Amino acid sequence: MKSTLLTGAFLALLTPAALQAQRMDLPPAEKVIEALDNHPTVAAAAARVEAARAGRTMLAKGTHEVTVSGSYIRRTVDREGGYDEFDSTVSRAFRLPGKAALDRNAGTLGVEVAENRRDDVRHQAALTLSTLWHDWLTAGSLYRSDTNTVGVLEAALAAVRRRVQLRDASQLELDQASAALDLARAQAEASRASEEQARVTLAATFPELPLPLEPPELALPELPSPGLEAMRGLVIERSHEIGAADREAQRLDVVARRARADRIADPSLGVRLFSERSGMEQGAGLVMSIPIGGGYRRAAEGQALAEAKAGRLELANVERMVTATADADLSNARTRLQAWKSASAAARSAAEAARRTERGHQLGQIDLTDLLYAQRQANDARRAEIEARSEADRALMKLQIDSHVIWMEDETHDHAH
């Protein structure tokens, strides 16, 4: 009696139809958004938005405040006696026309910079979550595949043992079947370790995200409804990196204009009251002062102009980087999809080859060594298909996140242009 090493379960494992039985379930969108918003980097960026809003209020109010100064003197005059004398001044500096508007504009742009940076930090956190999530799903799918392989080989080893007892198989065949099982068990343990490591990393990084007991099966890659080309355009259109760099360049330009206007200093106006000779002389008047600008103010303007130029150049660089990211996302999604299709076809071919080898073994035309080799080749092809499927899913997810198609429902995109 010949053993059956490739059971129905093993064939189901290698058949691509099994891949379509269950689609990967992403975490609930509201839970993802909550986890992202609670991530320390996102919370810190949100705090910086509040700081920028406070800065906007400060710029709108201005740094000039009312200054109160005064003095008291006890004066003694020969042959006249002593006198109490005092004076007091209340003054305030005023921004020259146009300066307050520039300050308000700079403050508003500063808030928009902070908001775009917050949303970009949130975007980076979403990419991190996607990476960790796919690490977990991939390890889980590989572990399930390896576990099924172990089950098939355990049944095969039991069948070979019975054949050895019936003198229908040699000890060599038993050793070969045992070695194949041991290798499969080692591979399954390694996959289990990877799954546990991926889970604890994901749970520690995003503790607010609820995780099921077991990772879902990797989904079959599917083209998103907007289409790859359309999403590539959205990567650039909705980029908060570009939005932040653009607003920062505008803000630095306003700051440079403000520094140029500050070449003429703000005047201070006030009222002075005084009393001399114990009140025999009293008076009131207006006082005014204005600093005379010099080399410092010229240097401050030069510094601001240089920073404004740097801001415009940094914007150009960010636009290039985001365009490169969009092009890379599109290319990666296309090539990874094609690679997965090839791996899927290879898995089907390997499964069919294993099926035919099993039939030959049952008919006594193929020995156990060839069968074990075909089985191992089919298992390797199955694992390659899982890994290729994972890479395709990762590429599509990155394109969707970069284009803000998913996990960004609370953003209006009005900050990025």
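Structural remarks
- A straight chain from A54 to A204 at 0.36 nm per residue would run longer than the Cα-Cα distance by 50.7 nm.
- Stretchable slack from R298 to R334, in nm (0.36 nm times residue separation minus alpha-carbon distance): 7.5 nm
- Extending 7 Å from the Cα toward the beta-carbon at both M321 and L269 defines two label points whose distance is 4.8 nm.
- Pairwise FRET efficiency - E352 versus E314, Cβ, R0 = 51 Å, nearest 0.05: 0.35
- Qualifying trypsin sites (Lys or Arg not before Pro) in region 136-225, DSSP loop, other Cβ atoms within 10 Å at most 14: R167
- Protection proxy ranking of 218-226, 273-281, 247-255 - average other beta-carbon atoms within 10 Å, highest first: 247-255, 218-226, 273-281
- The chain, relative contact order [Cα under 8 Å, separation at least 6], %: 27 percent
- In loop segments of region 45-135 as defined by DSSP, the chymotrypsin sites (Phe, Trp or Tyr not before Pro) with at most 15 further C-beta atoms inside 10 Å of their C-beta are F94.
- By the Cα gyration tensor, region 279-417 has an equivalent ellipsoid whose semi-axes, rounded to whole angstrom, run 75, 17, 13 from largest to smallest.
- Ranked from largest, the principal axis spans of the Cα set of the chain equal 142, 44, 35 Å.
- For the pair A158 and D175 in one chain, pulling the backbone fully straight at 0.36 nm per residue adds 4.9 nm over the alpha carbon distance.
- Taking label points 7 Å from Cα along the Cα-to-Cβ direction, V90 and K341 give a separation of 8.2 nm.
- Of the peptides 101-111, 41-51, the ranking by mean beta-carbon count within 10 Å, highest at the top, reads 101-111, 41-51.
- Inter-probe distance in nm under a simple model that places probes 7 Å from Cα toward Cβ, at T41 and T369: 5.4 nm
- Selected from Q165, Q338, Q187 as most flexible by GNM, with the chain as the system and alpha-carbon contacts under 10 Å: Q165
- Debye equation applied to the C-alpha atoms of region 300-351, log10 I(q)/I(0) at 0.28 Å⁻¹: -0.94
- E229/E30 FRET efficiency (R0 30 Å; Cβ-Cβ; nearest 0.05): 0.50
Each value in this text was obtained by applying a stated rule to the coordinates, not by laboratory testing. On a predicted model such as this, the values are computed, not experimentally measured, just so you know. Quick reminder, even Gly has a Cβ in these numbers, built from the backbone with ideal geometry, and neighbours come from all protein chains shown.
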